[in-house]
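Below is one structure; the comments refer to it alone.
What follows is calculated from the coordinates using simple rules that are stated; it is not laboratory data. Here the structure is a predicted model, which is why all the values come from computation and not from measurement. All Cβ positions, glycine included, derive from the backbone under ideal geometry; neighbour counts span all protein chains shown.
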Amino acid sequence: MFSGLVAETGRIVKITQDGETIELVVEPHSDDFLTTVQLGDSIAVNGTCLTVVEINNNQFMTTLMPQTFEKTTFKNLEKGSLVNLERSLQVGARLEGHIVTGHVDELSRVLKRTVNENAIEVQFSLPQRLHGQVVAQGSVAINGVSLTVMETGDDWFTVGLIPHTQLVTNLDTLKVGDEVNLETDILGKYVVANLLGGRK
């Protein structure tokens, strides 16, 4: 489980596919990010929960299932791509964002990007099946970053990127047409499921 408060980014060192095995090697920008990370720990990479299988100096390796690779933006990334990183929450830690599972629901696309005086307003596409799970003033995770929804439409929603978010995540690099990993609020999922009587 994660909070969506991303404070670290890294670069993809290698991403290779050999049959059903997809290996991803990432190097965090901070030298101390991996100091207490152990094999088997979970790290959210662009909002996708992945398990650390190898640590080598300031790099870590993880493996992806083909389904995860195809369902997320990893299929679009390459060596040198900038990714958001977050370690899993520890018991007793403060939850200052919202509960993020690291299970990406859908890919979303940047529709519009507007630079304002104090923030960047970004409009994203909203897949139809997630429409009831995204509400104004609610939370979403974009590439693992916890954000508050400003407005919603039939097939879109907007968020605002404050200067701090622009500085510490990769969302500042997004341009119109780019795809992102979208995870809706798990509490919203349960509400919708309850209203539908458990039906999808």
ask   = Reachable aspartates and glutamates from LYS79, Cα under 15 Å, same-chain residues fewer than 8 places away excluded?
value = GLU23, GLU27
remark   = With the 8 Å Cα cutoff and a minimum separation of six or more residues, the chain has a relative contact order in percent of 24
ask   = About the Cα centre of the chain, what is the dipole size in debye to 20, counting +1 per Lys and Arg Cβ and -1 per Asp and Glu Cβ, all else neutral?
value = 400
message = Can you give me the convex hull volume of the Cα atoms of the stretch 32-77, divided per residue and expressed in Å³?
response = 80
message = Under 10 Å, Cα contacts only: if you run a Gaussian network model on the chain, which one of SER108, SER30, SER81 comes out with the highest mean-square fluctuation?
response = SER30
task = Choose one answer from GLY132, GLY188, GLY144: the residue with the largest mean-square fluctuation in a GNM of the chain with alpha-carbon springs under 10 Å.
result = GLY132
note = The answer for LYS14, listing residues at least 5 apart or on another chain whose modeled amide H is closer than 5 Å to its amide H, is VAL25
query = Which ³J(HN,Hα) values, rounded to whole Hz and listed in residue order, are derived for the stretch 36-45 from phi using the Karplus coefficients 6.51, -1.76 and 1.60 in 6.51 cos²θ - 1.76 cosθ + 1.60 with θ = phi - 60°, glycine and proline given as x?
reply = 10, 6, 10, 4, x, 5, 9, 10, 7, 10
remark   = Rounded to the nearest whole number, the per residue volume of the convex hull around the C-alpha atoms of the stretch 8-87 in Å³ is 80
key: Max mean-square fluctuation residue, GNM over the chain, Cα-Cα springs under 10 Å, options THR173, THR165, THR63   = THR173
task = Output the Kirkwood hydrodynamic radius of the chain, Cα pairs only, in Å rounded to one decimal.
result = 17.3
inquiry  = Assuming 0.36 nm per residue, please report the length gained on full extension of the stretch VAL168 to THR35 beyond their Cα-Cα distance.
reply    = 45.9 nm
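In what order do HIS98, HIS103, HIS131, HIS164 fall by count of nearby beta-carbon atoms within 10 Å, going from fewest to most?
HIS164, HIS103, HIS131, HIS98
Report the rotationally averaged projected area of the stretch 125-170 based on its alpha-carbon convex hull, in square nanometres. Let's see the in-between values first.
Details: hull surface 12.7 nm².
Spelled out: convex hull of the Cα atoms, projected over all directions, averaged, 3.2 nm².
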remark   = Share of Cα-Cα pairs in the stretch 106-195 beyond 15 Å, whole percent, is 56
request  = Write out the GluC sites (Glu not before Pro) in the stretch 1-71 meeting two conditions: DSSP loop, and at most 13 other Cβ atoms within 10 Å of their Cβ.
outcome  = GLU20
